[in-house]
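One structure is given below, encoded as structure tokens.
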2 protein chains.
Amino acid sequence: MLAPARARLLPPWAKTYGTAALRHDLIAGLVVVVMLVPQSLAYALMAGLPAQAGLYASMLPILAYAVFGSSRTLAVGPVAVVSLMTASALAPLAAAGSAEYGTLALMLAGLSGVILLMLGVLRLGVVANLLSHPVIAGFATGSAVIIIIGQIKSLAGMPGSGHSALQLAASLASHLTEINRAALLLGGTALVLLILARRHASSLLQRFGCSQTVADIGSKLAPVLVVIAATLVTQALALDSRYGVAVVGEIPGGLPALALPLPSLDILRALLLPAAAIALVGFVESVSVAQSLAMKRQERIDANRELLGLGAANLAAAVAGGLPVTGGLSRTVVNHAAGAQSPLAGVIAAAAMLLVVTTLSGAFTQLPICVLAATIIVPVSSLIDLAGLRRTWRYGRADGLAFVLTAGGVLGAGVETGIALGILLSLLSILWRASRPHIAIIGRVPGTEQFRNVNRVAVATLPRLLAMRVDENLFFGNVPAVEAELQRALLVQPATRDVLLVMSSVSSIDMTALDRLIELNQTLAARGIRLHFADIKGPVLDRLRHTELLEALSGQVFRFTHEAFNALDDTAPEDAERPLRVATPSPA
Amino acid sequence: MLAPARARLLPPWAKTYGTAALRHDLIAGLVVVVMLVPQSLAYALMAGLPAQAGLYASMLPILAYAVFGSSRTLAVGPVAVVSLMTASALAPLAAAGSAEYGTLALMLAGLSGVILLMLGVLRLGVVANLLSHPVIAGFATGSAVIIIIGQIKSLAGMPGSGHSALQLAASLASHLTEINRAALLLGGTALVLLILARRHASSLLQRFGCSQTVADIGSKLAPVLVVIAATLVTQALALDSRYGVAVVGEIPGGLPALALPLPSLDILRALLLPAAAIALVGFVESVSVAQSLAMKRQERIDANRELLGLGAANLAAAVAGGLPVTGGLSRTVVNHAAGAQSPLAGVIAAAAMLLVVTTLSGAFTQLPICVLAATIIVPVSSLIDLAGLRRTWRYGRADGLAFVLTAGGVLGAGVETGIALGILLSLLSILWRASRPHIAIIGRVPGTEQFRNVNRVAVATLPRLLAMRVDENLFFGNVPAVEAELQRALLVQPATRDVLLVMSSVSSIDMTALDRLIELNQTLAARGIRLHFADIKGPVLDRLRHTELLEALSGQVFRFTHEAFNALDDTAPEDAERPLRVATPSPA
């Protein structure tokens, strides 16, 4: 047991942390780092950066996330889609591989870190809800196709360039004669081995007596074995010097000096939108991975703390000479499966990575790039979600269209246009939903004090009373629809002399809705129609009490709908000449 | 009576149109044109264009709107805020008054016309709901301050420039010695007269026996009298040549050649965002004016037709040598008050304007610009809505903040940044609302089949059942909040063995929500908790029936909540060992 004061300072997992948990974290951290080494090299190269940038992005950022993030098992570092977005953002600004390009990548990471931190400070974790699943899946599918086409280039050791999938494919086709056969043979063999490992390694290992968890983790480490074998083959046969197979080459040993390069105003302007897109995509990807694991472990993810964690990680990537990072799916799943109990697993991974960078950097010199390409292609191909598209399309056309348009935007016009299109589609659909509130014209269920939709239930209505129930909070996005519906109902029922708004589902009314209700009261009064309210909730009534709406209400505020129906029943003849009340409010 | 075939072709107002209506339209059209002449000159100058551009923007666009728009009385033409936005968009691209500047203004009008038409064709009239009243009022307030500071420059005949209010004010202060005293005297006198007319002319006219309507319209025509008097004074005293008072000067008689200048790709890119901002602001302003009048006249406004009408009007403005236009408040109100019955009033105004342009253009030569400035300052000052700000702030802090931030953005960083900030605030608040659905944990009202929120009503719950009712359609924007709430409730009630989602208020479930419910079912099952549904609406159940959700549901689908409560009541001991059903769905 810990002393209370210490307990308060520590995160929840620390209160029960012991040697058993430490052993789990140690194993998980080491397993993750073994996966991380080839992945971080590959993703850095994909982003157009020297391979070591990936290694640098896998130390300090992990520590930063461990301190500020809220997930216990999220594995932060370079990931495929974010590396693709980095390459796409920087390609127009500098030559890939140049020192300037590297500095721009740091600024991009720093800027997206600042954006994430700002969103976190403003507690805008809600932006994670900005993108629907079909938009995310469409974006991932389109991005994966671009990544794979780009990696085919590296796999076959040929030149080629272009932003959109079409440009890339056309460029590859025009360079078909320049394929390096040795690279293609080596890379193709690696690809086949990796595909076989992905399909069969786990069941094979289980047949040899491994438990399912160990077998699953073991199969995830296949890329490392392939990379080691390929490096040895390349070195033994001198594929590099004799056959021109591209290799990673010299990696500076030791660590880079920490520094935070600050962009000029012009560069800031050029990087702002890509940085925002990377921040958003990275956050959405990361938070959905973290959320689904937390749900399994009965923990909670705080989206605002995730913003802070990922923001700090990206700032750390900028300081440490890396590239934009986020929480990646595959390594997080392995971290979780390998038994990680706390962010200490990440700290251990970072420490192991430090050891690799300072002692093993010479080992990557003869690592062939075509094999790294194979290690990217295999996992990324699982992002192409055609089954998901079929399923989505069958379930709903709007969702299917969002998938297709986003993927099409990515493929035809590049990742940034694609994600912008996806965000636009998502926003429009939110706006569309908000502007179509559920509204019912209601009547009394005979013999009761219950009221129901006239279109669903046989109910009694009054000839000169129009009773309308809005099943949502009133705000600027939906109050025009309420007016339009009322207008439509009044045209259908021109003898209406009283309009009753039943407010049982309304918990808030914003200023815009208030203004328009005030205006509605006036225009209805000018047409000789009184406006009444019923079932206003207490807090709503408190706020309305001193506003023009109730002070100038032409009708009354009733406590309950049935009271309104009783009071406004003018089928009795003496009521026919009841004068129009204009300025006397009577809040219940 | 019209023959049915003819009646189908004509708009609704035409079916009962007669000579009385024509007389009303004639009067209204002429009254509007008398207001329109000085306003259109002034707004063109404010936009940095030659005065005649305003006249040209007041003919063809009115006709185009009359054909395509849906309001009978909306008066389309140059308006203050749109002219300010035009000046702000073009200032960085060309020198005000240059031929290039004029061409850019046409391209801007054409582009915003195309944007409006596209939105109309896509039936996206819902974008009018994008801006809340506080954002609109904040934008108008900030814009009015900038306009007034800018017009003080013209009123005092001094130089000065700048985009934001601060820059403008600083620039004016540094040129204080260059005030033209004759201009200031003349403009100041006009300003005082116009303020007096605005305050007292209507009641004065009523005292002389005019009806209230006539008096109201008469007072609106004061600017015309002031302008005529000032022109005569300027001519008589040769204020132009002797004292250097700036005048409108020669206006080419006759009409410009119709042409549609097409922008290059670079110019298109520079104009796209300003054009979109002008389209949106113009549309929102116009549609709210049209809507409030239509409500008074028991007519309906179709937002999608408004998009087409305003889009056509702006394209027409581009073709006819004008500037971006929209429906203006003051002229529309006068048009309505003067008795306009149909879009013919607009056609008549356009014809009268044609007469003015072809025969009277010489009359504006000696019109002093300082007096036009006075005619802008007086109406625009009413846009500064400090009372509205006070009222909004008192009603709600979020709305008040939106007002202040938008106005502050406009004043500090210019109209475009201001409106972008306003849109961002509005979108975030929509997202914020969407992500906070109303969710209730419910229990049974003892002795009934009714269920209510446990926090509001004394109800009976079951110890191992968590029944949750979501009062909104489930979609990607709110389903994370539903999960978070469920997660929270499960932490509070750890003995839960059954979760029941009551779907009585859910009319649609999008793909994202479906995916997450499927995942929820799995993660709950992994924790030994079954997921059940009750009260699913028919159409929703039809769509869910063949999905993984119901096929793999760990629990059951109940028709009614009370059936679920009866079936899941495990307080009876024999239920304690009831096995967990995993793969057998039972849709009701």
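The values are calculated or read from the model by the stated rules, or taken from the named source; none is laboratory data. Owing to the predicted nature of the structure, the values given are computational and were not obtained by experimental measurement. FYI the Cβ positions are ideal-geometry reconstructions off the backbone, even for glycines, and counts take in every protein chain you see. What goes into the accessible areas is simple: the full protein's heavy atoms, side chains included, and nothing from ligands, DNA or RNA. Shrake-Rupley method; radii C 1.70, N 1.55, O 1.52, S 1.80 Å.
When each of A:20, A:47 is tested for being out of contact with any strand residue (DSSP E or B) (no Cβ under 9 Å at 6 or more places or on another chain) and surrounded by 24 or more Cβ atoms within 10 Å (Cβ to Cβ), the lone residue that passes is A:47.
The set of residues from the stretch A:541-565 being away from chain B (no Cβ under 11 Å) and farther than 24 Å from residue A:443 by Cα comprises A:542, A:545, A:550, A:551, A:552. Do you know which residues across the stretch B:60-98 are within 18 Å of residue B:258 (Cα to Cα) and either small (Gly, Ala, Ser) or open to solvent by 20 Å² or more (accessible area, probe 1.4 Å) (or both)? Hits for the stretch B:60-98 are B:60, B:63, B:64, B:77.
Within the stretch B:494-518, being of a type in the set (A, V, I, L, M) and either facing chain A (nearest Cβ under 9 Å) or open to solvent by less than 40 Å² (accessible area, probe 1.4 Å) (or both) holds for B:499, B:500, B:501, B:502, B:503, B:506, B:509, B:511, B:513, B:514, B:517, B:518.
Checking each residue in the stretch A:179-197 for being open to solvent by less than 90 Å² (accessible area, probe 1.4 Å) and of a type outside the set (A, V, I, L, M) picks out A:180, A:187, A:188, A:189.
Selection of the stretch B:57-97 for residues being in contact with a Pro (Cβ under 6 Å, 6 or more places away or on another chain) and assigned to a helix (DSSP H, G or I) yields B:66, B:82, B:86, B:89.
Every test in (1) crowded, with 16+ Cβ neighbours inside 10 Å; (2) in a helix (DSSP H, G or I); (3) within 11 Å of chain B (Cβ to nearest Cβ) is passed by residue A:419 save one, and that test is (3).
Just one of the listed residues (B:437, B:480) is at pLDDT below 90, crowded, with 18+ Cβ neighbours inside 10 Å and within 9 Å of another protein chain (Cβ to nearest Cβ), namely B:480. Look at (1) more than 30 Å from residue A:247 (Cβ to Cβ); (2) open to solvent by 10 Å² or more (accessible area, probe 1.4 Å); (3) of a type outside the set (Ser, Thr, Tyr); (4) out of contact with any Asp or Glu (no Cβ under 9 Å at 6 or more places or on another chain) and you find that residue A:400 fails only one, number (2). For the residues A:471, A:385, the requirement of being closer than 30 Å to residue B:129 by Cβ and of a type in the set (Asp, Glu) singles out A:471.
Close contacts from the stretch B:519-536, counting a first residue that is more than 11 Å from every other protein chain (Cβ to nearest Cβ) and touching a residue at least 12 places away in the same chain (Cβ under 8 Å) and a second that is open to solvent by 30 Å² or more (accessible area, probe 1.4 Å) and not in a helix (DSSP H, G or I), with Cβ to Cβ under 6 Å and a gap of 6+ residues or different chains, come to B:532/B:556; B:535/B:504. Of all residues assigned to the stretch B:383-391, at least one qualifies as being within 14 Å of chain A (Cβ to nearest Cβ), among the hydrophobic types (A, V, I, L, M, F, W, C), under 28 Å from residue B:42 (Cβ atoms) and open to solvent by 10 Å² or more (accessible area, probe 1.4 Å). With respect to residue B:470, determine if the residue is touching a Ser or Thr at 6+ places or on another chain (Cβ under 9 Å), among the hydrophobic types (A, V, I, L, M, F, W, C) and closer than 30 Å to residue B:429 by Cβ. Judged against the criteria, residue B:470 is a match.
Evaluation of residue A:314 against the conditions (1) polar (S, T, N, Q); (2) within 12 Å of chain B (Cβ to nearest Cβ); (3) closer than 29 Å to residue A:369 by Cα shows that the sole unmet condition is (2). When each of A:486, A:491 is tested for being open to solvent by less than 10 Å² (accessible area, probe 1.4 Å) and either under 44 Å from the mean Cα position of the chain (by Cα) or within 11 Å of another protein chain (Cβ to nearest Cβ) (or both), the lone residue that passes is A:486.
When you scan the stretch A:446-453, do you find a residue that is in a helix (DSSP H, G or I) and open to solvent by 10 Å² or more (accessible area, probe 1.4 Å), even just one? No, that holds for no residue. Inside the stretch A:506-534, can you point out the residues that are over 20 Å from residue B:393 (Cβ atoms), assigned to a strand (DSSP E or B) and not basic (Lys, Arg)? Hits for the stretch A:506-534 are A:531, A:532, A:533, A:534. If I go through the stretch B:144-156 residue by residue, how many of them are open to solvent by 40 Å² or more (accessible area, probe 1.4 Å) and of a type outside the set (A, V, I, L, M)? Total meeting the criteria: 1. Among the residues making up the stretch A:446-469, those that are modelled with pLDDT of 90 or more and either within 8 Å of chain B (Cβ to nearest Cβ) or within 40 Å of the chain's Cα centre (by Cα) (or both) are A:468, A:469. Within the stretch A:422-429, is there a residue that is more than 18 Å from the chain's Cα centre (by Cα) and open to solvent by less than 50 Å² (accessible area, probe 1.4 Å)? No - not one qualifying residue is present in the stretch A:422-429. Cβ separations smaller than 8 Å between residues 6+ apart or across chains give the following pairs from the stretch B:35-51 residues that are farther than 13 Å from residue B:371 by Cα to residues that are charged (D, E, K, R): B:35/B:220; B:35/B:331; B:36/B:331. Selection over the stretch A:163-183 of residues that are among the hydroxyl-bearing types (Ser, Thr, Tyr) and touching a residue at least 60 places away in the same chain (Cβ under 8 Å) gives a count of 1. The residues of the stretch A:537-564 that are assigned to a helix (DSSP H, G or I), closer than 20 Å to residue A:465 by Cα and open to solvent by 20 Å² or more (accessible area, probe 1.4 Å), listed by number, are A:562, A:563. In the stretch A:119-132, which residues are in a helix (DSSP H, G or I), within 14 Å of chain B (Cβ to nearest Cβ) and in contact (Cβ under 8 Å) with a residue 40 or more places away in the chain? Answer for the stretch A:119-132, where residues must be in a helix (DSSP H, G or I), within 14 Å of chain B (Cβ to nearest Cβ) and in contact (Cβ under 8 Å) with a residue 40 or more places away in the chain: A:119, A:125, A:126, A:127, A:128, A:130. Restricting A:136, A:115 to residues that are within 14 Å of chain B (Cβ to nearest Cβ), closer than 17 Å to residue A:390 by Cα and either part of a helix (DSSP H, G or I) or in contact (Cβ under 8 Å) with a residue 24 or more places away in the chain (or both) narrows the list to A:136. Evaluated against (1) open to solvent by 50 Å² or more (accessible area, probe 1.4 Å); (2) without any contact (Cβ under 8 Å) to a residue 40 or more places away in the chain, residue A:395 falls short on exactly one condition, (1).
Of all the residues in the stretch B:294-314, those that are polar (S, T, N, Q) and either within 16 Å of the chain's Cα centre (by Cα) or modelled with pLDDT under 90 (or both) number 2.
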